[in-house]
Amino acid sequence: MVNKKVTVSKLLNLDDKVAIITGGAMGIGLGIAKRLAEAGAHVIIGDLNNEACDQAVSEINKMGLKASSYILDVSNEEQVKSMVEHTKNEYGKIDILVNNAGIYPQIPLANMSFDDFKKVLGVNLNSVFLTIKYTSEIMKTQGGGKIINISSIDALHPSMVGLAHYDASKHGVWGFTKNVALELSKYGITVNAVAPGGINTPGAMSNTPSGISKEQLEDASKAFMARIPMQRFGEPDDIAKVVLFLASDMSSYMTGSQIVVDGGALLN
Ligand SMILES: NC(=O)c1ccc[n+]([C@@H]2O[C@H](COP(=O)([O-])OP(=O)(O)OC[C@H]3O[C@@H](n4cnc5c(N)ncnc54)[C@H](O)[C@@H]3O)[C@@H](O)[C@H]2O)c1
């Protein structure tokens with residue numbers, strides 16, 4: 001039954017909300033930052049790329065919207081703690097947390113060092129533990145909050161050889177999402193995940209394993225495209241619109257869910 005008392009625009013409205021988006025300086029994170037800011041939120045972009053952060057903040061500010069940045073490495077506990085404290089002190093609260101920062105270097109197992117493995121787990125999974133651990137304490141005192149983790153279709157099924165560390169991290173993100181959703185729901189905090197398929201971002205477009213020729217790369221790209229029923233790569237905004245849904249009152253009865261946004265790729 002449609003609740004006529006609350007309009008769609010009100011449900012999507014994020015006026016006065018404070019949102020942290022990790023890895024928000026480019027790619028999917030920047031797309032998310034723009035949509036949440038457009039809906040009214042003040043977005044804090046937490047990213048390690050100083051220059052890209054300045055550019056992203058200025059782009060959003062030029063649209064007449066609220067954005068600022070915090071430079072950090074999301075796998076570093078002290079830096080995550082400081083970002084959360086800074087946000088609370090500067091803006092008074094944290095309503096929305098989007099864990100988006102991630103890396104996906106392609107390295108076959110035979111060439112993968114323990115350091116390679118730990119690095120990917122650190123940035124993609126440890127970071128999710130750290131940000132949620134510190135942010136949820138603030139959200140509890142506020143009576144609630146919305147947490148959205150950007151996982152991957154690799155959280156469900158491997159997409160290619162060379163991503164064993166990545167797939168381990170993303171399966172971990174999905175498992176962690178479900179368990180903390182269970183623990184935090186009584187505080188009014190929802191935790192959901194979005195699993196993108198192939199998305200056209202600076203990271204994805206420059207992610208080529210070493211020793212591969214241009215022809216091999218084109219073949220791999222064509223083969224990947226052939227597996228997408230919707231016959232196109234996704235754009236950051238395809239993910240951002242779903243994150244806006246999860247960050248808003250549109251998703252009022254959802255927690256512990258993962259939404260796949262992949263143009264149908266997992267069907268193949
Ligand atoms: N692009 C895809 O096809 C795709 C598919 C599935 C899932 N994803 C996931 O989406 C997320 C974003 O991917 P993307 O393609 O937009 O990446 P991207 O490389 O284009 O952008 C990633 C951003 O994260 C930042 N970042 C990286 N390491 C960081 C760290 N340690 N601390 C703080 N910031 C850091 C980078 O500076 C950059 O701004 C990742 O979690 C990725 O696993 C992407």
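The values are calculated or read from the model by the stated rules, or taken from the named source; none is laboratory data. Here the structure is a predicted model, which means the values were calculated and not measured. Cβ sites come from the backbone with ideal geometry, for glycine too, and all protein chains shown count toward neighbours.
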Here is a list: Asp73, Asp95. Which entry is surrounded by fewer than 24 Cβ atoms within 10 Å (Cβ to Cβ), within 20 Å of the chain's Cα centre (by Cα) and within 19 Å of Ser169 (Cα to Cα)? Asp73
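Would you pick out the residues in the range 110-146 that are under 18 Å from Ser75 (Cβ atoms) and not in a helix (DSSP H, G or I)? Full working, then the answer.
As a first pass, look at the range 110-146 and keep what is under 18 Å from Ser75 (Cβ atoms): 112-135.
Within the range 110-146, Met112, Ser113 qualify.
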Looking at the range 106-124, I want the residues that are in contact (Cβ under 8 Å) with a residue 60 or more places away in the chain and have a partner that is outside any helix (DSSP H, G or I) and hydroxyl-bearing (Ser, Thr, Tyr) with Cβ atoms under 8 Å, at least 6 apart or on another chain. Which pairs are those? Gln106/Thr208
Give the range 224-254 a look and list any residue that's within 24 Å of Ser169 (Cβ to Cβ) and more than 18 Å from the chain's Cα centre (by Cα), or say none. Phe224, Arg227, Ile228
Cβ pairs under 9 Å, 6+ apart, first in the range 214-228 and within 14 Å of Met160 (Cβ to Cβ) and loosely packed, with under 12 Cβ neighbours inside 10 Å, second at pLDDT 80 or above and not charged (D, E, K, R): Ala226/Asn268
If you scan the range 66-89, which residues turn out to be touching a residue at least 60 places away in the same chain (Cβ under 8 Å) and within 12 Å of the ligand (Cβ to nearest atom)? Met83
Test result for Ile132, over 20 Å from Ile21 (Cα atoms), of a type outside the set (Gly, Ala, Ser) and buried (at least 18 other Cβ atoms within 10 Å of the Cβ): no
Would you check if there is a residue in the range 159-177 being outside any helix (DSSP H, G or I), among the hydrophobic types (A, V, I, L, M, F, W, C), at pLDDT 95 or above and under 22 Å from Ser75 (Cβ atoms)? yes
Here are the criteria: (1) within 14 Å of the ligand (Cβ to nearest atom); (2) crowded, with 22+ Cβ neighbours inside 10 Å. Tell me which single one Lys119 does not satisfy. (2)
Checking Met63 against (1) more than 8 Å from the ligand (Cβ to nearest atom); (2) over 26 Å from Thr141 (Cβ atoms); (3) touching a Leu at 6+ places or on another chain (Cβ under 7 Å), which test does it fail? (3)
The one condition in (1) within 16 Å of the ligand (Cβ to nearest atom); (2) at pLDDT below 95 that Gly29 fails to fulfil: (2)
One residue from Lys186, Lys140, Lys133, Lys170 being among the charged types (D, E, K, R) and in contact with an Asp or Glu (Cβ under 6 Å, 6 or more places away or on another chain): Lys170
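Okay, residues lined up against (1) within 13 Å of the ligand (Cβ to nearest atom); (2) surrounded by fewer than 21 Cβ atoms within 10 Å (Cβ to Cβ):
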position	(1), (2)
Ile138	no, yes
Ile150	yes, no
Trp174	yes, yes
Val180	no, no
Leu184	no, no
Gly197	yes, no
Asn200	yes, yes
Met205	yes, yes
Glu235	yes, yes
